[in-house]
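This report concerns only the one structure given below.
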Amino acid sequence: MRGAPTAVVILLSVAIAACESTAPPSEAPPDPAAAQPLVAAVTEVITTVTWPPAASVDRTALAALPKPAAHAARTSRVPVLVPSRRELLAAPVLVVREHWTSFWAKTDAITVSLTMTRLARKYPSIPPFRGARAVRGAPAFVTANEGIWSAAWIENGVSYALDVECASPEAPACASDALVLELAAELVYVGGDEPRAAGDMP
């Protein structure tokens, strides 16, 4: 039994050594996220608008708009495009903000919305790229998501995004991109608040 204390001491030493080997380090490990390079902040840019000639305003479409919508179009800071179909001009909602304008209209068959913005966001790590489709003579992206067809392109230095949704998901009109492309081609210019050059007459 004289060897028992020695054996106990040896076992305790082994246990202590094992505990020390698994004990947490005195300093916390570095945060992996902190070791990653910081992502450069997104840059917001106000694009330069190229205004269509005043003579190109579609007077028929402008006259078909309700007075509040026509007034809103004249105060827009971007060139306002609207569908030329009278049923979509009967009771639209036109919202104007500092850098963007939106158009919304609905019939029994379809809902149409168009967003127009001169505010662009640039990501330093993502190079610009062009859409593979063409809308109104410009490179464009044409996509579908849950039955809503979308077309996005740049015109007049402004980003336009047109969305078309059918009242019935099974409607033949929304079975392909034909309708959104057709409506995009029919868009007409109805005005905007073009900045005047110095010396222009009021």
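Of the numbered criteria (1) outside any loop (DSSP other than H, G, I, E, B); (2) surrounded by 13 or more Cβ atoms within 10 Å (Cβ to Cβ); (3) of a type in the set (G, A, S), the one S84 fails is (1). A single member of A73, A63 is assigned to a helix (DSSP H, G or I) and under 26 Å from the mean Cα position of the chain (by Cα), and it is A73. Kindly list, by first and then second residue, each pair from a residue in the range 57-84 that is over 24 Å from V135 (Cβ atoms) to a residue that is small (G, A, S) and part of a loop (DSSP other than H, G, I, E, B), limited to pairs with Cβ atoms under 9 Å and residues at least 6 apart or on different chains. Cβ pairs passing all conditions: P66/A90; P66/A91; R74/G192; T75/G192. Is one or more of the residues making up the range 173-186 in contact (Cβ under 8 Å) with a residue 24 or more places away in the chain, in a strand (DSSP E or B) and under 22 Å from the mean Cα position of the chain (by Cα)? For the range 173-186, residues in contact (Cβ under 8 Å) with a residue 24 or more places away in the chain, in a strand (DSSP E or B) and under 22 Å from the mean Cα position of the chain (by Cα): absent. For the range 108-140, what are the residues that are within 23 Å of S76 (Cβ to Cβ) and in contact (Cβ under 8 Å) with a residue 60 or more places away in the chain? The answer is V112, L114, R118, L119, A120, R121. Against the conditions (1) at pLDDT below 95; (2) in a strand (DSSP E or B), V164 satisfies every one except (1).
Let's see how each residue does on (1) assigned to a strand (DSSP E or B); (2) surrounded by 15 or more Cβ atoms within 10 Å (Cβ to Cβ); (3) in contact with a helix residue (DSSP H, G or I) (Cβ under 9 Å, 6 or more places away or on another chain); (4) among the acidic types (D, E):
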site	(1), (2), (3), (4)
S102	yes, yes, no, no
M116	yes, yes, no, no
I126	no, no, no, no
V142	yes, yes, yes, no
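Taking every residue in the range 141-168 that is within 16 Å of F129 (Cα to Cα) and pairing it with any residue that is among the hydrophobic types (A, V, I, L, M, F, W, C) and at pLDDT below 95, at least 6 positions away or on another chain, the pairs with Cβ-Cβ distances below 7 Å are S159/A120. Taking the conditions exactly as written (at pLDDT below 95, basic (K, R) and not in a loop (DSSP other than H, G, I, E, B)), does R121 satisfy them or not? Considered against the rule, which asks whether it is at pLDDT below 95, basic (K, R) and not in a loop (DSSP other than H, G, I, E, B), R121 comes out as yes.
The values are calculated or read from the model by the stated rules, or taken from the named source; none is laboratory data. Every value quoted in this text rests on a predicted model; they were computed, and no experiment measured them. Reconstructed Cβ throughout: ideal geometry from the backbone, glycine too, with neighbour counts over all protein chains shown.
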